[in-house]
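Q: One structure follows; several queries about it will come next.
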Amino acid sequence: MKVLLVEDEKKISDFVVKGLKEQGFVVELASDGDSGYYHATTWSYDAVVLDIMLPGKDGLSILKALRKAGNTVPVILVTARGELDERLEGLNLGADDYLTKPFYLDELVARLQALHRRSTGAQLSLLQLDDLVLNLTTREVKRGEEAVELTTREFNLLEYLIRSPGRVLTRTQILEHVWGYDFDPSTNVVDVCIQRIRKKVDAGQERPIIETVRGVGYRARKL
Ligand code: CA
């Protein structure tokens, strides 16, 4: 799950970025309103965590502009204590949820996961393709009866592929989604990561999950 955090207080953003990354999220940070708006309208995210009081464009203006432009990315507003009017205005403007500072990281994670389930329509936190099952809550992976140990990055890449079986994802799309925008496009990290996943998930299997589309990228096999 790829998240944009728009937050100007370094102490908070350091803590949230680190915490979310540890939990397997891909996080990008914008530390003022203008770059927050730029990110939100330029790249695609599964959710935006949006502070209200920001230098440059404030959070409510960003939200308003996004919704006016038809952008439906799920937004969690972050308000300071006492900003009740702003919170209500935010919900009216189309925020999906809000958190009051100070908040616990676990609470943010739970809200993000709930938003993600709502927006992807997933009722369960299990994602399955053939006999491969990913548990998105516990992050356990099984191929048939065998448990598979994946790193956070490997898990995120595999999840991205099997969310849309048959769809070819280019290396650039995978890099953007799994590594974030801050990557060197000439790098071969995607291929290296795919190789490692294949060793763990597909080695010795009659029906491999991951297919290479030569010159383009990768896809999960369509059943
Ligand atoms: Ca702020």
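Q: Identify the single condition in (1) farther than 16 Å from Gly33 by Cα; (2) assigned to a helix (DSSP H, G or I) that Ala65 does not satisfy, given that it satisfies every other one.
A: Going through (1) farther than 16 Å from Gly33 by Cα; (2) assigned to a helix (DSSP H, G or I) one by one, Ala65 breaks only (1).
Q: List the number of the failed condition for Tyr218; all other conditions in (1) within 24 Å of Gln23 (Cβ to Cβ); (2) part of a strand (DSSP E or B) hold.
A: (1)
Q: Okay, moving on. Just wondering, is there one or more residues in region 32-44 that are assigned to a strand (DSSP E or B) and more than 12 Å from the ligand (Cβ to nearest atom)?
A: no
Residues checked against (1) more than 16 Å from the ligand (Cβ to nearest atom); (2) at pLDDT 90 or above:
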residue: Gly24; (1), (2): yes, no
residue: Asp51; (1), (2): no, yes
residue: Lys68; (1), (2): yes, yes
residue: Val78; (1), (2): no, yes
residue: Tyr104; (1), (2): yes, no
residue: Ala110; (1), (2): yes, no
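Q: Looking for whichever is touching a His at 6+ places or on another chain (Cβ under 9 Å) and either surrounded by fewer than 22 Cβ atoms within 10 Å (Cβ to Cβ) or small (Gly, Ala, Ser) (or both) here; the options are Lys57, Lys2, Lys68, Lys21. Which one fits?
A: Lys2
Q: Right, another one. Given the conditions (1) loosely packed, with under 14 Cβ neighbours inside 10 Å; (2) in contact with a Lys or Arg (Cβ under 7 Å, 6 or more places away or on another chain); (3) free of Cβ contacts under 8 Å to residues at least 40 places away in the same chain, report the number of the one that Gln128 does not fulfil.
A: All conditions are met except number (2).
Q: Could you say which residue among Gly56, Gly82 is in contact with a Gly (Cβ under 6 Å, 6 or more places away or on another chain), within 16 Å of the ligand (Cβ to nearest atom) and small (Gly, Ala, Ser)?
A: Gly56
Q: Out of all the residues in region 69-89, which are touching a Leu at 6+ places or on another chain (Cβ under 9 Å), over 26 Å from Phe15 (Cα atoms) and among the charged types (D, E, K, R)?
A: Glu89
Q: Considering only region 90-123, how many residues are without any contact (Cβ under 8 Å) to a residue 60 or more places away in the chain, β-branched (Val, Ile, Thr) and closer than 24 Å to Glu9 by Cα?
A: 1
Q: I need a count of the residues in region 165-214 that are touching a helix residue (DSSP H, G or I) at 6+ places or on another chain (Cβ under 7 Å) and loosely packed, with under 13 Cβ neighbours inside 10 Å.
A: 1
The values are calculated or read from the model by the stated rules, or taken from the named source; none is laboratory data. As the structure is a prediction and not an experimental result, all values here were calculated from the model. Every residue, glycine among them, receives a Cβ derived from its backbone with ideal geometry; neighbour counts consider all protein chains shown.
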